[in-house]
Amino acid sequence: MTEKPLRVLLVEDSAGDARLLREMFRSEGPGSFVLTHVERMSEALRHLAVGGLDIVLLDMGLPDGHGLDTVRRALAAAPGVPVIVLTGLDDEALAAQAMKEGAQDYLIKGQIENRALPRALRHAIERYRMQAETDFLRKQQLQLKDEFLSHVSHELRSPLTAIYQFVSIVLDGLAGEVNPKQHEYLQNALKNSRQLKSMIDDLLEVTHAEGAKLRIDPQLTSIPDLIVETVTTLQETATAKEIKLSWDAAPSVTSAYADPTRVRQILIILMDNALKFTPKNGTVKVQSRVSEEDSGFVLVEVIDSGCGILPDMTERIFERLYQAPDTGLAGRRGLGLGLHICKELVLRQGGKIWVTSEPGHGSTFSFTLPIFSLVKLIAPTFMVEQPEHDSMALVVIELGSQSGWLSRDAQMESFQQVRDVLGRCMHSELDVLLPKMGTPAATEFFFIVAATDEIGGEAITKRARQRLSRYGQGQPGLTYTVSYRVMRPTNRIPNESVEDYTERMAITIQEMVDEEGSRKVTTIAQ
Amino acid sequence: MPNKKILIVEDDPDVRLGMQIRLEANHYETFFAGDVESTVPAAQKHTPDLILLDLGLPGGGGFKAMENVKADPALAAIPIIIVSGRTGQETRARALKDGAKAFLEKPVDNQELLAVIRQALGPNETTHPKPGAP
């Protein structure tokens, strides 16, 4: 054989097993293997860190490592090196688990034949190499495709702009009087240019979603408000199709911890789809309530009386570029990206999305979003049992613009940047910068909750002032005030559980936040 | 009161003409530049009240053009609205950070464009569209 010797790391604490394996390697003759044998996970990790190995033979029961954990640690220590696990006869289930975690193969001790071992190793390495290559190519292709899509989408915008501009110019009578027939036809052209725009938006959205560039800004978001808003937006479309579009939101459903822009997007896509696949005189209903399965989530359902979905399609429908088979309904099919975008958006906000359907009778698209909970948000601050946690500091930052906000965009951007600045001002990792809890106004409040005393509160306040002053230099007209309040005593009631204590703190914080928010806003806005 | 002046910086002649017709119908006076190089001279010559700026401009792109305008003390205060075929959070964030008043994506809805222009021109806005003008 002219192959290079394989450099094998054997991690095995049982002297007997190690001896057997060593014998097998020895019988292969010199030059085919270089074997390094260690007995501890810690030693194995050192060798893996140094590198220069082709494969690892790993026992899953070591004095300093057990089961799947050993596999994870080995893979993490040397991501490019394939791992074969060694197991006993009765551990095959565990071995299968190990392969799910990323092990290449498993060998059962006592069942390894002499000649089989080297072959198993060489095959494992070859398989690993091919897999890595495939992964790399796949990733590269995906990236190229995203770049291509992104480029095309952007280039399409200029001609589309010109089409939209001139159609609307003629339609608005800026180029002379338009007769009713012309008016109607131009409306068709305009409607189609809008559709084209939304397709381009979808294309871009998908490339962003998969490039992990999508920004989600979770905050206190009223689900009923968004449902009413989106139903109103689509009412005209529904009426034109003679479909009854209605909504119903349980009063118990108040707010989710989600990005309102993204939730609006999800609702529009789902309702739009429902309207598309529901025939004349049908119904589309949107409803929300607290999830029966998990009371920490709000459940939103979009129910239609449309053509329904075949059972084997209910999963596939959320895949990218999925197209409904011919439904017999008139209308354009679109790009097949909407539901895929919905799924991405829901997942990224910590929820789930699924569909149930009875072909011929309609479909119900359901998704969940976490319910906004101050208790959950501040839990990290109060979970650690330390004496200084008897007091709590609430740092209040008020941000405004002397010249008023010129656009909602600029305002949101400033808020986001200030959030980033404040994120770096906190005392410890346990402190929490609360998310946005109100609608945009002339001034915006930010709150930092810290389980600390006056000294800590003062320190955070000082740091926030310094950093904001530096940030404000590049932002003419920006005004801010920073103050803090310490709640004391908020001693734990004897025998009070951490959960109860946290809940009590959440109520206190909510009161303080409400109080700050309702203060007369005095910042001058033009 | 004279009409407010808007400098349209856009390399696509059709899009430029479309904007001109729409803006003039709403009583704005319009001027043009088609690349980065001619942006500052056009602004100096016409002293616009507002600049509509495309990002995909020949000669270095809209960001460069904005930088040049902001670097001239006589022009730095003119509000700039980006009207771009390029989208994405990063582009938007950069535009606003560099001093743009607003960021609009192409194709821009007519009503939205006019609303943002009115807002950026501020309360001294004196242009009143003739009744019924879209």
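The values are calculated or read from the model by the stated rules, or taken from the named source; none is laboratory data. Just so it is clear, the structure is predicted and the values come from calculations on it, not from any experiment. FYI the Cβ positions are ideal-geometry reconstructions off the backbone, even for glycines, and counts take in every protein chain you see. The protein model used for the area step is the full one, side chains on, heavy atoms only, and it has no ligands, DNA or RNA in it. Shrake-Rupley method; radii C 1.70, N 1.55, O 1.52, S 1.80 Å.
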- Computed from every Cα-Cα pair in segment B:4-71, P(r) in 10 Å bins starting at 0 and rounded to whole percents is 23, 56, 20, 0
- What accessible area, in Å² to the nearest ten, does a 1.4 Å probe give for residue A:503? 100 Å²
- Rounded to a whole number, what is D in µm²/s for segment A:1-121 from Stokes-Einstein with the Kirkwood radius over alpha-carbon pairs (25 °C, 0.890 mPa s)? 172 µm²/s
- Message: If I model a spin label at residue A:454 and residue A:280 as a point 7 Å from the Cα along the Cα→Cβ vector, what separation in nanometres do I get?
- Response: 7.7 nm
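Relative to 2.2 N^0.38 Å, what does the C-alpha radius of gyration of chain A come to as a ratio? Two decimals please. Don't skip to the answer; put the middle values down first.
Working: Rg = 30.6 Å, N = 526, 2.2 N^0.38 = 23.8 Å.
For chain A, the normalised Cα radius of gyration comes out at 1.29.
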- Check the straight Cα-Cα distances from residue B:4 and name the aspartates and glutamates below 15 Å, setting aside those fewer than 8 residues away within the same chain. B:24, B:29, B:49, B:125
- Message: For the interface of chains B and A, what total accessible area is buried with a 1.4 Å probe, rounded to the nearest 100 Å²?
- Response: 2500 Å²
- Query: Solvent-accessible area per residue for chain A at a 1.4 Å probe radius, Å²?
  - Reply: 52 Å²
- Query: Rg/Rh for segment A:173-320: what does it come to with C-alpha atoms and Rh from Kirkwood?
  - Reply: 1.03
- Task: Take every Cα-Cα distance within segment A:103-156, group them into 10 Å bins from 0 onward, and report for each bin the whole-number percent of pairs it holds.
- Result: 20, 28, 18, 15, 11, 6, 1
- Task: Work out the length of the dipole vector of the protein assembly as shown about its Cα centre, built from +1 on the beta-carbon of each Lys and Arg and -1 on the beta-carbon of each Asp and Glu, and round it to the nearest 20 debye.
- Result: 1380 debye
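May I ask you to give the percent of accessible area on chain A that is carbon plus sulfur, with a probe radius of 1.4 Å?
On the way: 14610 of 27260 Å².
Solvent-exposed carbon and sulfur of chain A make up 54 percent of the total.
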- Task: Would you please give the FRET efficiency between residue A:152 and residue A:198, computed as 1/(1 + (r/R0)^6) with r the Cβ-Cβ distance and R0 = 22 Å, to the nearest 0.05?
- Result: 0.90
- Task: Return the residues of segment A:151-165 for which accessible area with all protein chains present is lower than in the chain on its own by 30 Å² or more; set the probe to 1.4 Å and exclude ligands, DNA and RNA.
- Result: A:154, A:157, A:158, A:161, A:164, A:165
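Identify the trypsin sites (Lys or Arg not before Pro) of segment A:133-216 meeting these criteria: DSSP loop state and at most 16 other C-beta atoms within 10 Å of the C-beta.
Working: sites: A:138, A:139, A:145, A:157, A:181, A:191, A:194, A:197, A:213, A:215; in loops: A:213, A:215.
Loop-located and lightly packed - A:213, A:215.
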- What is the set of long-range amide H partners of residue A:55 at a cut-off below 5 Å, with H atoms built 1.01 Å from backbone N? A:7, A:9
- Query: Taking N as the number of residues in segment A:106-246, what value does Rg over Cα atoms divided by 2.2 N^0.38 Å take?
  - Reply: 1.92
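Rounded to the nearest 0.05, what FRET efficiency is calculated for residue A:182 and residue A:232 with R0 set to 35 Å and r the Cβ-Cβ distance? Can you show the working numbers first?
Working: r = 30 Å, r/R0 = 0.87.
E between residue A:182 and residue A:232, to the nearest 0.05, is 0.70.
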- Amide H contacts under 5 Å for residue B:122, placed H, 5+ residues apart: none
- Backbone HN-Hα couplings from phi across segment A:506-512 [Karplus 6.51/-1.76/1.60, Hz, Gly and Pro as x]: 4, 5, 4, 5, 4, 5, 5
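Given a cut-off of 31 Å, name the pairs among A:436/B:97; A:376/B:97; A:197/B:45; B:45/B:106; B:5/B:106 whose C-alpha atoms lie farther apart than that in the structure shown. Let's see the in-between values first.
Details: A:436/B:97 21 Å; A:376/B:97 33 Å; A:197/B:45 36 Å; B:45/B:106 27 Å; B:5/B:106 22 Å.
A:376/B:97; A:197/B:45, as the Cα separations exceed 31 Å there.
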